[in-house]
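Some notes on the structure that comes next.
Just so you know, all these numbers are worked out from the coordinates, no wet-lab data involved. The model shown is predicted, which means the values in this text are computed figures rather than measured ones. All Cβ positions, even for glycine, are placed from backbone atoms using ideal geometry, and neighbour counts span all protein chains on display.
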Amino acid sequence: MSELQHSGGDPASKNTTRLCRGAGIDVADVWQTLRAEARRVAVEEPALEALVVDVILSRDSLAGALGTRLARRLARADMPRQALEALFTGVFENHPLVVRSAARDLLAMYERDPACFSPLEPLLFFKGFLALSTYRVAHQLWQEGRRWLALYLQSLASEAFAVDIHPAARIGCGILLDHATAFVVGETAIIEDDVSILHEVTLGGTGKETGDRHPIVRSGVLLGAGAKILGRVEIGTGAKVGAGSVVLADVPPHTTVAGVPAIVVGEVREDNPASEMIQQLDCRAGR
C-alpha cells in the first residue's frame, strides 16, 4: 500500500481526506524504546518474562513484534498461531506504512491515556490498539482483493476484542481507542488522523441504502463514550461529541454537540479535543 493510495480525496466531501499525513515518526526509535521497556519488565516481573521475550526481545523489528502479539491473541483451531503469525508479519514487513500507522496509534494511546504508564502497555495489553492493528492488516488485504481473508480477520477481532471494524473502512493514524469495547465502524466510514474515541461508539448507517452511507470523522475529534453517529454525516475538525449522543446531522468544526438527537451546545474550548481528552461539555459560546 503506497502512501499516495492511503491518502486521498473523498468523493462525498468537498474537503481533502487526511489519512496518515502530518508529522512523521521514527519507527526504529519506537522499537528501541519498546525493547528497553521489555528488558525492564523481564527483570521486574518474572511471571511476564516469557511473554516479553516472545513478543519483543526475540524479534528484530516492530513488524515482527506486532505479528507475534496479534497471532498470540487471535489464534484459533482453524487458523493456528504459526499461520497467523506468518500472515501478520508478512503484511507488516512488506508494507512499512502499516507499521508506521500502528506505531503512531501506540504513541497516541501512551500520550493521551493518563492510565497508560509505558508505551509497551498498549502493545501487550490494550485491546483497542490490538483491534486497530488487526484492522490495518485486514484493510491491506481488502485493498489487495483478498476480501474473504480480510473478513475472517474482522470476525476474529470482533470475537477477541469486542471491536467490529469493517476492513473497507478508511482510518488514519494516531487513533486512540480508549477501552474500545463495542466500538463499531461500518464499511464506508472514514476516520481521519489524530482522533480519540471512547468505548461503545458506533459509526453506522441508517437503513438499506448502498454506497457512501457511514460517517466521516475529521482530524482532532473527540467522540464520547456511547456516541452513535449514523449516516453519511460529517463530524468537523476539532469537534466534540458528548457521551451517549445520537448524531444524525453534520457537526460544524470546533463545536460541541450532545443529546438525542444531538444538537450544538457550545463551541469547543480546547485547540485539539482529541489530544486534551476533556469530557465535559462546552455549554457556552466562545473559545
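A few notes on this one:
- Length gained when the stretch SER58-GLN143 is fully extended (0.36 nm per residue, less Cα-Cα span): 27.5 nm
- The GNM of the chain, with springs linking C-alpha atoms under 10 angstrom apart, assigns the highest mean-square fluctuation among ASP105, ASP60, ASP193 to ASP60.
- Put in line by how crowded their Cβ is, counting other Cβ atoms within 10 Å and starting with the fewest, LEU177, LEU87 read LEU87, LEU177.
- Estimated FRET transfer efficiency when R0 is 30 angstrom, pair MET79-THR206 (beta carbons, to 0.05): 0.30
- C-alpha long axis of helix 62-74 to longest principal axis of the chain, angle in °: 80
- Electrostatic bookkeeping for ARG136 treats Lys and Arg as +1 and Asp and Glu as -1; over the other residues with beta carbon under 12 Å from its beta carbon, the sum is +2.
- Between 0 and 90 degrees, the angle of helix 96-112 with respect to the longest Cα principal axis of the chain falls at about 70 degrees.
- Computed lengthening from GLU187 to SER155, 0.36 nm per intervening residue step minus Cα-Cα distance: 10.1 nm
- Span from the the stretch 79-102 Cα centroid across to the the stretch 114-144 one, whole angstrom: 12
- Between SER118 and GLU276, the modelled labels are 3.2 nm apart [label points 7 Å from Cα along Cα→Cβ].
- When TYR135, TYR152, TYR110 are arranged by Cβ crowding within 10 Å, least crowded first, meaning fewest neighbours, the order is TYR152, TYR110, TYR135.
- Mean residue ellipticity, 222 nm, helices only, the chain: the sum of -39500 (n - 2.57) across DSSP H runs of n ≥ 4, divided by residue count and rounded to 500, is -12000 deg cm²/dmol.
- Label-to-label distance, VAL260 versus ALA86, with points set 7 angstrom from Cα along the beta-carbon direction: 4.9 nm.
- In terms of its C-alpha gyration tensor, the stretch 9-162 comes out oblate, because a/c is 1.5 or above while a/b does not outweigh b/c.
- Normalised contact order of the chain, rounded percent, pairs of Cα under 8 Å and 6 or more residues apart: 11
- Fewest neighbouring Cβ atoms within 10 Å first, the residues LEU48, LEU198 line up as LEU48, LEU198.
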